[in-house]
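Have a look at the structure that comes next, please.
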Amino acid sequence: MPKLYSSKHIAKVLQSKDFLYISQRGSHVKFCKYNKNTTLTVIVPANKKEIPYGTFKSILRQSKLTEEDFNM
């Protein structure tokens, strides 16, 4: 079974990888990372102790990070 991460841990890792907190609407938080040619936007469910693995894979795809980046 894959390791499940909390939304707090995911937000901490995203901010350490230069993603900026933009806004929160309801139970979802928006983070963005601005590069010269692209903008990466990641939506993370807020206040969850365990993010489902499929949702975590979607966060990885949106952020272009690897699973190893979250193993701190």
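The values are calculated or read from the model by the stated rules, or taken from the named source; none is laboratory data. All of these numbers come straight from a predicted model, not from anything done at the bench. Because the Cβ atoms are built from the backbone with ideal geometry, glycine has one as well, and the counts that use them run over all protein chains shown.
Restricting attention to region 3-33, report how many residues are in a loop (DSSP other than H, G, I, E, B) and not hydrophobic (A, V, I, L, M, F, W, C).
Residues that pass the stated criteria total 7.
Among the residues of region 1-28, what is the count of those that are small (Gly, Ala, Ser), free of Cβ contacts under 8 Å to residues at least 24 places away in the same chain and touching a strand residue (DSSP E or B) at 6+ places or on another chain (Cβ under 7 Å)?
2
Looking only at residues in region 41-59 that are more than 11 Å from the chain's Cα centre (by Cα), at negative phi and not in a helix (DSSP H, G or I), which one is surrounded by the most Cβ atoms within 10 Å (Cβ to Cβ)?
Looking at residues that are more than 11 Å from the chain's Cα centre (by Cα), at negative phi and not in a helix (DSSP H, G or I), I get Lys48.
Another question, then. In contact (Cβ under 8 Å) with a residue 24 or more places away in the chain, surrounded by 14 or more Cβ atoms within 10 Å (Cβ to Cβ) and out of contact with any helix residue (DSSP H, G or I) (no Cβ under 8 Å at 6 or more places or on another chain): is that true of Ser63 in this structure?
For Ser63, the condition - in contact (Cβ under 8 Å) with a residue 24 or more places away in the chain, surrounded by 14 or more Cβ atoms within 10 Å (Cβ to Cβ) and out of contact with any helix residue (DSSP H, G or I) (no Cβ under 8 Å at 6 or more places or on another chain) - is not met.
Does Leu20 satisfy the condition of being modelled with pLDDT of 95 or more and surrounded by 10 or more Cβ atoms within 10 Å (Cβ to Cβ)?
yes
Looking at region 29-39, is at least one residue surrounded by 12 or more Cβ atoms within 10 Å (Cβ to Cβ) and touching a residue at least 60 places away in the same chain (Cβ under 8 Å)?
no
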